[in-house]
Amino acid sequence: MQTTGILEERKSSILLKNRKGSRAPITCDRASVAGAVSQRACVYCGARVVLNPITDAFHIVHGPIGCASYTWDIRGSLTSGSTLFRNSFSTDLREKDIVFGGAEKLKAAIDEIMEKYAPKLIFVYATCIVGVIGDDVEAVCRQAEKTYHNRVIPVKAPGFSGTKSQGYKLACNAILQLLAPHENQPKQNGINILGDFNLAGEIWIIQNYFREIGVPVISTMTGDANYETLIRAPSARLNLVQCAGSSLYLAQRMEEKMEIPFLKVSFFGIEDTTNSLLQAAKALGDKETTARAEAFTKEQSAKVRAAIAPYCEKLRGKRAAIYVGGGFKAISLIRQFREMGVETVVVGTQTGKPEDYETIQSLVNPGTVILDDTNPAELEAFIRKTHADLLVGGVKERPLAYKLGIAFCDHNHERKHALAGYEGVVNFAQEINLSVNSPVWQAVSSRTI
């Protein structure tokens, strides 16, 4: 594969699916190469995006105002209750605080919040500058818990201390710290859904499916979650992990500490949504539930296939490039495109694991370019090389797609319409068709790829 213009240190993170079908290793799950212009976010951002959808929690960003601004309302998460989580609170550290320390400012911020709002739960994020000056955030939080008898949980997440995945782990540890006093609850027949953040109301769609098949959802982590629903999580019989990149560690620790087994699932696409519902029903060991799940998924799959058939006719033979955050989403998108007659020619993730890339290699055709932690220059080069008609990514990839004169689909957390579940399959097909087959491309004098 031609790799002219690609940094030498990046070449092992780029793979071309070979014609023989054998699988090759790819370098992944490591710190980004310096100077490569990675599209990953920092450790603090990784922690914040996992915890932020908890609707009634206060999120205090202990650092400069820019850190709070960067992650303000960062996910398109919806709520059925409190809207507190859509606010961003900051200690706004200045030069004087850097010199003399910011611990007193943090203490004053917690005191003010407790006096005005008395929340049951506060998360305090230690950012880069706090990691440098050494404020004892943990001590301030411990003292606040003793004073107010509410939960004040530190999240020590300096951006320079690792990758975005490290931020996910820190967020999971914060949730475990919240659950620790409630671990020994009696088990009840129900599930927790981990790694879904209720983008455009997707967690409500999934909850409705489980309601249809008779499975109670006890807690969601963290979409549309609140303090009371979170502390009931240890009573569940099964954890379902939607976004493995952000929540697999949490599921593993809950299995160790609370004896709750878990399944990795995905509710994107007909195939994965159906399999996830059936696996969950069978894991609970109830024949009636399994029968209801089989009937429900069969009915919904038939309806959705009929609904998307006209779009599939218009999309058959198109070529797609995918660049998303986690491996589970990339895998589901490959399967969705296959169902629609669209070939995936480029696929990459920001935080994929070796097992994710093994699955991706098993799904794509020979000649497909596979990328880990790529940058705009690499992505542009391979989109041009493979003649992709469409790019699926996040908001940072949108300008690249339009620059190249190809269609774009936002599959990140800024979107405002549901793409999960059976309803999401129809929405996705409609959006892909509208974008790929838009008359605007006829007005472009010449495609740039």
For this session: Could you grab me the full set of residues in segment 385-401 that are under 11 Å from residue 345 (Cβ atoms) and surrounded by fewer than 16 Cβ atoms within 10 Å (Cβ to Cβ)?
Result: 385, 387
Problem set entry | Filtered residue count, segment 199-226, keeping only those that are free of Cβ contacts under 8 Å to residues at least 40 places away in the same chain, aliphatic (A, V, I, L, M) and not in a helix (DSSP H, G or I) | 2
Problem set entry | Qualifying residues in segment 216-239 (those that are within 17 Å of residue 120 (Cβ to Cβ) and charged (D, E, K, R)) - the one surrounded by the most Cβ atoms within 10 Å (Cβ to Cβ) | 224
Exercise. For segment 133-148, how many residues meet the condition of being more than 16 Å from residue 158 (Cβ to Cβ) and surrounded by fewer than 13 Cβ atoms within 10 Å (Cβ to Cβ)?
Worked result: 2
For this session: State yes or no: is residue 419 of a type outside the set (D, E, K, R) and either at positive phi or in contact (Cβ under 8 Å) with a residue 40 or more places away in the chain (or both)?
Result: yes
For this session: Collect the residues in segment 290-317 that are surrounded by fewer than 20 Cβ atoms within 10 Å (Cβ to Cβ) and in contact with a Gly (Cβ under 9 Å, 6 or more places away or on another chain), keeping them in residue-number order.
Result: 292, 312, 313, 316, 317
Exercise. Within segment 68-82, restricting attention to residues that are at pLDDT 90 or above and in contact with a Ser or Thr (Cβ under 7 Å, 6 or more places away or on another chain), which residue is surrounded by the most Cβ atoms within 10 Å (Cβ to Cβ)?
Worked result: 79
Exercise. Restricting attention to segment 83-101, which residues are surrounded by fewer than 17 Cβ atoms within 10 Å (Cβ to Cβ), at negative phi and part of a loop (DSSP other than H, G, I, E, B)?
Worked result: 83, 87, 94
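Condition check ((1) of a type outside the set (Asp, Glu); (2) more than 20 Å from the chain's Cα centre (by Cα); (3) in a helix (DSSP H, G or I)) across all residues:
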{"site": "298", "(1), (2), (3)": "yes, yes, yes"}
{"site": "301", "(1), (2), (3)": "yes, yes, yes"}
{"site": "304", "(1), (2), (3)": "yes, yes, yes"}
{"site": "308", "(1), (2), (3)": "yes, yes, yes"}
{"site": "330", "(1), (2), (3)": "yes, no, yes"}
{"site": "336", "(1), (2), (3)": "yes, no, yes"}
{"site": "345", "(1), (2), (3)": "yes, yes, no"}
{"site": "360", "(1), (2), (3)": "yes, no, yes"}
{"site": "366", "(1), (2), (3)": "yes, yes, no"}
Problem set entry | Residues within segment 390-416 that are in a loop (DSSP other than H, G, I, E, B) and free of Cβ contacts under 8 Å to residues at least 40 places away in the same chain, tallied | 1
Seminar exercise, completed: Scanning segment 133-173 for residues that are touching a helix residue (DSSP H, G or I) at 6+ places or on another chain (Cβ under 7 Å), part of a helix (DSSP H, G or I), free of Cβ contacts under 8 Å to residues at least 60 places away in the same chain and not hydroxyl-bearing (Ser, Thr, Tyr) gives 133, 140, 144
Seminar exercise, completed: Scanning segment 180-198 for residues that are part of a loop (DSSP other than H, G, I, E, B) and more than 19 Å from residue 247 (Cα to Cα) gives 184, 185, 186, 187, 188, 189
For this session: Determine if segment 189-211 includes at least one residue that is closer than 27 Å to residue 262 by Cβ, of a type outside the set (Ser, Thr, Tyr), at pLDDT below 95 and more than 26 Å from the chain's Cα centre (by Cα).
Result: yes
For this session: Scan 213, 153, 206 and give me the residue that is crowded, with 16+ Cβ neighbours inside 10 Å, touching a Cys at 6+ places or on another chain (Cβ under 7 Å), outside the structural domain of residue 31 (by TED's automatic domain parsing) and not charged (D, E, K, R).
Result: 153
Exercise. Do we have any residue at all in segment 227-234 that's in a loop (DSSP other than H, G, I, E, B) and at positive phi?
Worked result: no
Problem set entry | Selection from segment 151-172 of residues that are touching a strand residue (DSSP E or B) at 6+ places or on another chain (Cβ under 8 Å) and closer than 14 Å to residue 49 by Cα | 155, 157, 170, 171
For this session: Quick one: in segment 110-132, of everything that is surrounded by 15 or more Cβ atoms within 10 Å (Cβ to Cβ) and without any contact (Cβ under 8 Å) to a residue 40 or more places away in the chain, which residue is farthest from the chain's Cα centre (by Cα)?
Result: 114
Seminar exercise, completed: Inside segment 327-363, the number of residues satisfying the requirement of being within 18 Å of residue 46 (Cα to Cα) and surrounded by fewer than 23 Cβ atoms within 10 Å (Cβ to Cβ) is 1
For this session: Of the numbered conditions (1) surrounded by fewer than 17 Cβ atoms within 10 Å (Cβ to Cβ); (2) farther than 21 Å from residue 376 by Cα; (3) out of contact with any Ser or Thr (no Cβ under 6 Å at 6 or more places or on another chain), residue 47 fails exactly one; give the number of that condition.
Result: (1)
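The values are calculated or read from the model by the stated rules, or taken from the named source; none is laboratory data. As the structure is a prediction and not an experimental result, all values here were calculated from the model. Note: ideal-geometry Cβ built from the backbone for every residue, glycine included; neighbour counts use all protein chains shown.
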